[in-house]
Amino acid sequence: MQALTNKSIAVNRSPMTFWERLYLINIIKGMMITFSHMFKKQPTVRYPEQKREFSPVFRGLHVLNRDEAGRENCTACGLCAVACPAEAITMEAAERQEGEEHLYKEEKYAAKYEINMLRCIFCGLCEEACPKDAIYLSETFAPANYTRKGFIYDKNDLLIPNTLTNATELAKAKGVEA
Amino acid sequence: MTLLALDWAIIIEKLILIVIIVLTTLLITLYTTFGERKVAAILQDRPGPNRAGPFGLLQPLADGLKLIMKEEIIPTSASKWLFILGPGLAMTASLMTSAVIPWGTEIHLFGRTIELQVADINIGLLYVFAVVSMGVYGIMIGGWASNNKFSLMSALRAASQAISYEIAMGLALIALLMSTGTLSLKTIVADQAAGDWWNVVYQPLGFLIFFICAMAECNRTPFDLPEAENELNFGYHQEYSSMKLGFYLFAEYVNMIMSSAIMASMYFGGYDLPFFDETTVAPNIAAIIGVGTLLIKIVLFVFLFMWIRWTIPRFRYDQLMNLGWKKMIPLALFNMLITGAIILSKS
């Protein structure tokens with residue numbers, strides 16, 4: 001029969017010779033192998049001091065985006081909640097009042113916007129569904145919490161820091177230097 | 001009163017020596033557990049414990065503290081007295097060996113000559129052999145007192161393993177005894193220091209047998225069947241918790257250090273530093289160099305123990321018994337025969 005690859009090695013079933021039955025030589029060979037591993041490079045990433053970078057397509061925690069004037073983009077249309085396969089998003093809409101034009105981009109805004117991070121599967125469909133560029137997935141992940149309630153992120157947790165007033169916080173939220 | 005006429009200073013001197021030896025042994029043991037984890041890690045390409053203190057050096061203290069803080073559990077059906085006696089006996093038996101090991105030559109202090117050996121008895125080798133076989137009691141009593149069939153089975157295995165390998169060990173010692181002509185460890189080491197070669201040159205096969213048997217006596221991999229974690233839950237100390245468990249685990253490491261010291265003394269010249277003339281320096285400094293040399297030899301042996309542990313898998317029980325009875329004992333007898341023949345042909 002013709003071999004498919006040249007990698008297969010025929011098993012040697014001949015009885016062991018005296019030296020092989022002593023095992024000592026093979027034990028020493030094995031010990032040399034483990035000894036050589038003392039000088040090998042460790043692949044360990046020393047975690048708290050050293051962090052592995054996320055891939056650029058990593059889908060992490062959500063952020064609610066603002067426009068260049070620092071106004072909230074979200075209009076509480078609910079398309080993200082509809083698109084969400086895990087039903088993690090809930091929101092309540094409200095109408096923009098007189099004098100709130102510097103806070104909200106359009107006449108309607110989200111008064112309440114919650115994402116349950118325990119339900120969320122970080123698929124990014126909300127990001128795709130959003131017609132207003134309001135929701136994005138950043139490159140950080142949800143940190144551990146003691147209670148289930150702590151995983152329900154409200155608007156304060158999600159809203160991106162104002163571009164104009166707080167640039168360093170913004171960079172942090174984006175996960176650039178997480 | 002001849003009883004009171006003895007030199008009281010020697011008792012104080014010996015007491016101090018015993019305390020120093022026991023404390024040093026325990027400290028080294030503490031760091032042997034750390035060393036084991038580090039060696040294992042480095043042989044497996046990982047960094048090992050490095051959280052507690054610089055390079056993880058405080059790790060053994062953290063482990064000890066953890067063991068002490070844990071709850072003491074004595075099973076209701078256990079035999080309480082024996083249950084407590086077991087770990088104590090294991091620890092005592094393993095520390096007792098240190099009495100006959102010559103740690104160095106002698107130190108001159110305050111006009112006295114202090115031997116760096118607790119007891120220079122003329123039956124040193126026999127004493128070692130007796131104490132080593134005492135170690136079985138700690139295991140056996142612990143397993144029996146737990147009133148747990150798995151612990152008992154494991155203790156039985158441990159006992160039969162220890163007894164099987166003691167025979168070959170004793171036969172290897174007899175060959176050494178034949179070539180050195182003395183049972184006193186001090187004389188054995190002094191002869192090696194004075195002579196051209198260490199005993200390992202005269203008794204290579206004897207050393208190999210003794211080394212393998214020592215590994216079996218210490219319950220080290222590949223002979224760690226008594227505490228086969230994955231087959232018999234944990235072994236004879238399964239019901240133990242807190243520091244009583246710590247004593248059992250600790251005793252294993254003390255055993256390891258003690259058998260390293262015995263092997264270094266009997267086969268590798270003990271405190272003798274090769275290619276170095278001790279008469280060129282002051283006797284006290286020579287003694288300290290001797291102690292350092294013995295410690296280095298012990299560390300090397302302990303490293304060898306660990307290196308073997310992280311290379312070779314565990315034996316199956318029948319393989320263990322086959323090796324002990326069918327290979328080691330005939331080999332040791334053969335070694336005795338050869339040694340006898342050589343001694344006869346020389347005289």
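Summary table below
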read-out	value
Residue ID - farthest from the other protein chains (Cβ to nearest Cβ), chosen from residues in segment B:43-68 that are in contact (Cβ under 8 Å) with a residue 60 or more places away in the chain and more than 24 Å from residue A:35 (Cβ to Cβ)	B:68
Hey, residue A:38 under 30 Å from residue B:48 (Cα atoms) and not in a loop (DSSP other than H, G, I, E, B) or not	yes
Subset of segment B:165-189 (residues that are without any contact (Cβ under 8 Å) to a residue 24 or more places away in the chain and assigned to a helix (DSSP H, G or I))	B:180, B:187
Residues that are in a loop (DSSP other than H, G, I, E, B) and among the small types (Gly, Ala, Ser), drawn from segment A:91-134	A:99, A:124, A:134
Residue ID - surrounded by the most Cβ atoms within 10 Å (Cβ to Cβ), chosen from residues in segment A:112-131 that are among the hydrophobic types (A, V, I, L, M, F, W, C) and touching a Lys or Arg at 6+ places or on another chain (Cβ under 8 Å)	A:122
Scan of segment A:30-57 for residues that are surrounded by 10 or more Cβ atoms within 10 Å (Cβ to Cβ) and among the hydrophobic types (A, V, I, L, M, F, W, C), ordered by number	A:31, A:32, A:33, A:35, A:38, A:54
Answer from B:40, B:78, B:99 - the residue that is within 19 Å of the chain's Cα centre (by Cα) and either within 14 Å of chain A (Cβ to nearest Cβ) or buried (at least 18 other Cβ atoms within 10 Å of the Cβ) (or both)	B:99
Tally of residues being buried (at least 19 other Cβ atoms within 10 Å of the Cβ), part of a helix (DSSP H, G or I) and either within 15 Å of the chain's Cα centre (by Cα) or of a type in the set (Gly, Ala, Ser) (or both) across segment B:130-158	12
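One line per residue, one yes/no per condition, for (1) of a type in the set (D, E, K, R); (2) in contact with a Cys (Cβ under 9 Å, 6 or more places away or on another chain); (3) within 13 Å of another protein chain (Cβ to nearest Cβ); (4) outside any loop (DSSP other than H, G, I, E, B):
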residue	(1), (2), (3), (4)
B:272	yes, no, no, no
B:275	no, no, no, no
B:290	no, no, no, yes
B:297	yes, no, no, yes
B:308	no, no, yes, yes
B:312	no, no, yes, no
B:322	no, no, yes, yes
B:333	no, no, no, yes
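Readers should treat all values here as calculations from the given coordinates under stated rules, not as data from a laboratory. Every value quoted in this text rests on a predicted model; they were computed, and no experiment measured them. Heads up, the Cβs are rebuilt from the backbone with ideal geometry, glycines too, and the neighbour counts pull from every protein chain shown.
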